[in-house]
Every structure is written in C-alpha cells, then in structure tokens.
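Report on the following structure.
The values are calculated or read from the model by the stated rules, or taken from the named source; none is laboratory data. Just so it is clear, the structure is predicted and the values come from calculations on it, not from any experiment. Cβ coordinates were reconstructed from backbone atoms using ideal geometry, including for glycine residues, and neighbour counts include every protein chain displayed.
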Amino acid sequence: LIDSGATDDFMDTKFAIRHRLPLQKLPTPITCKNVDGTTNKNGKITHCTYQRIDAGRQNRFTKFLLTGLDGEDVLLGFPWLQKVNPVINWKD
C-alpha cells in the first residue's frame with residue numbers, strides 16, 4: 001500500500017513475525033496515530049525492521065516501524081516515496 005500522507009514506512013507486526021524478520025527494539029516507543037487522528041489500537045510502536053525493497057531499478061534498505069495494519073502487510077509512506085521518487089501510472 002502506498003500512502004503519501006504517512007509520515008513513516010510501516011509493516012504489519014504479524015506479517016514480520018510470520019516471516020521471521022529480524023526485529024529491533026526502538027530506544028523510545030512511538031505513539032502511532034491513525035488517519036482520523038485516533039491512537040492506533042495496537043498502542044505504541046516498540047520495534048522496527050530493516051528490509052531491502054526492490055522497486056524497478058532501485059534496490060534500497062528501508063526502515064519499517066511495526067504496527068497493526070488491518071489486512072495490509074506493508075505501507076510505504078512519504079519517506080520511501082521521497083527516496084525512491086517512483087513514476088506511477090495511475091491510469092493503467
């Protein structure tokens with residue numbers, strides 16, 4: 001999922017655990033807010049994972065904050081969009 005309004009890049013916690021991805025504890029937990037301004041039901045974000053993302057000709061490590069994404073595995077936010085600057089064809 002791509003969300004240009006997301007302030008970070010996120011991964012679903014259950015997805016990360018299911019795929020046995022290495023997790024790192026954050027030095028300070030982060031309060032995660034939903035689009036509507038409410039606090040995310042999973043509470044504070046306490047862990048992250050660094051994963052390589054292949055997007056076309058670009059191959060980059062991305063830091064994903066782990067939280068509940070309600071059915072989505074990954075949410076690529078503004079930081080990823082800014083780094084990769086993908087060309088998106090919205091018509092096809």
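Please list, ordered by first then second residue, the pairs with beta carbon atoms under 6 Å, 6 or more apart or interchain, first in segment 65-92 and of a type in the set (D, E, K, R), second buried (at least 18 other Cβ atoms within 10 Å of the Cβ).
If the second residue must be buried (at least 18 other Cβ atoms within 10 Å of the Cβ), the pairs left are D73/D12.
Mind checking which residues of segment 80-92 are surrounded by 11 or more Cβ atoms within 10 Å (Cβ to Cβ) and over 14 Å from M11 (Cα atoms)?
Matches in segment 80-92: L81, K83, V84, P86.
If you check D73, D36, which single one turns out to be surrounded by fewer than 16 Cβ atoms within 10 Å (Cβ to Cβ), closer than 15 Å to D3 by Cβ and touching a helix residue (DSSP H, G or I) at 6+ places or on another chain (Cβ under 8 Å)?
D73
Quick check on my filter: what residues within segment 40-66 are surrounded by 15 or more Cβ atoms within 10 Å (Cβ to Cβ), out of contact with any His (no Cβ under 9 Å at 6 or more places or on another chain), over 24 Å from V87 (Cα atoms) and at pLDDT 90 or above?
Once the filter is applied, which keeps residues that are surrounded by 15 or more Cβ atoms within 10 Å (Cβ to Cβ), out of contact with any His (no Cβ under 9 Å at 6 or more places or on another chain), over 24 Å from V87 (Cα atoms) and at pLDDT 90 or above, segment 40-66 yields I45, T46, H47, C48, T49.
Answer yes or no: is there a residue in segment 79-92 that is assigned to a strand (DSSP E or B) and either of a type outside the set (A, V, I, L, M) or modelled with pLDDT under 90 (or both).
Within segment 79-92 (the criterion being assigned to a strand (DSSP E or B) and either of a type outside the set (A, V, I, L, M) or modelled with pLDDT under 90 (or both)), the answer is no, since none of the residues qualifies.
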